[in-house]
1. Which distance in nm do the two modelled labels at T49 and L82 give, with both placed 7 Å along the Cα-to-Cβ direction?
2. Projecting each Cα onto the charge dipole of the chain (Lys/Arg +1, Asp/Glu -1 at the beta carbon, about the Cα centre), which of V69, P123, L8 comes out farthest on the positive side?
3. Mean-square fluctuation check for the chain, GNM, Cα pairs under 10 Å: which of P87, P98, P60 is largest?
4. Could you do me a favour and compute the accessible area per residue for the chain, 1.4 Å probe, result in Å²?
5. Percent relative contact order of the chain, based on C-alpha pairs within less than 8 angstrom and at least six residues apart?
6. How big is region 62-128 along each principal axis, measuring the range of its Cα positions in Å and listing the largest first?
7. Using a probe of 1.4 angstrom, how much of the accessible area of the chain is carbon and sulfur, in percent?
8. Can you list the residues, at least 5 places off or on another chain, whose amide H is less than 5 Å from the amide H of G11, using H built in the peptide plane?
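The values are calculated or read from the model by the stated rules, or taken from the named source; none is laboratory data. A quick note: this is a predicted structure, and the numbers were derived from the prediction, not measured. Note that we place each Cβ from the backbone using ideal geometry, even for glycine, and neighbour counts take in every protein chain shown. What goes into the accessible areas is simple: the full protein's heavy atoms, side chains included, and nothing from ligands, DNA or RNA. Shrake-Rupley method; radii C 1.70, N 1.55, O 1.52, S 1.80 Å.
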Amino acid sequence: GFPSFAPLQVGFDATTFESVTEGDALYMRTSDGKVGKATAADGTSEAATVVGFANGTVDPNTTVKVIVVGLKTMSSLDAGDLYFLSPSTAGAITLTPPSSAGQAVVRLGEAATTTTLAIQIEPPIKLS
């Protein structure tokens, strides 16, 4: 099983540039340091570099806690399976890694249970 000594969550506060929903995978814009929904659609985009997960649902220009390490409560996970950043829905995670040229493969973590994601964010790898 998952180690019981692991910290529950480690994160930081950031301002959003768009509405984000609890559990969205987020990236940080280099232009202003604000966060928004990440996407694997373009492997060269900064939007493919995930910094963490939203720990709340907030409007644009609002502070949200970004969870970078630990366990994140989510729903409908398959325990033991790996999850990746979605190329089709911004902020979403998927069991199926992107496979089209130009997209980014970004591993985000492993489902420890059906309701808990063990966050293990990796850098994007652009597909050619």
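1. Those two pseudo-labels are separated by 2.2 nm.
2. Working it through, the farthest residue towards the positive pole turns out to be P123.
3. Residue with maximal mean-square fluctuation among P87, P98, P60: P60.
4. Numbers: 6290 Å² over 128 residues.
Solvent-accessible surface per residue comes out at 49 Å².
5. On the way: 381 pairs, mean separation 33.5, N = 128.
For the chain, the relative contact order is 26 percent.
6. On the principal axes, region 62-128 reaches 33, 32, 19 Å in Cα extent.
7. On the way: 3270 of 6290 Å².
The nonpolar share, carbon plus sulfur, comes to 52 percent.
8. Amide H neighbours of G11, under 5 Å, 5+ apart: V68.
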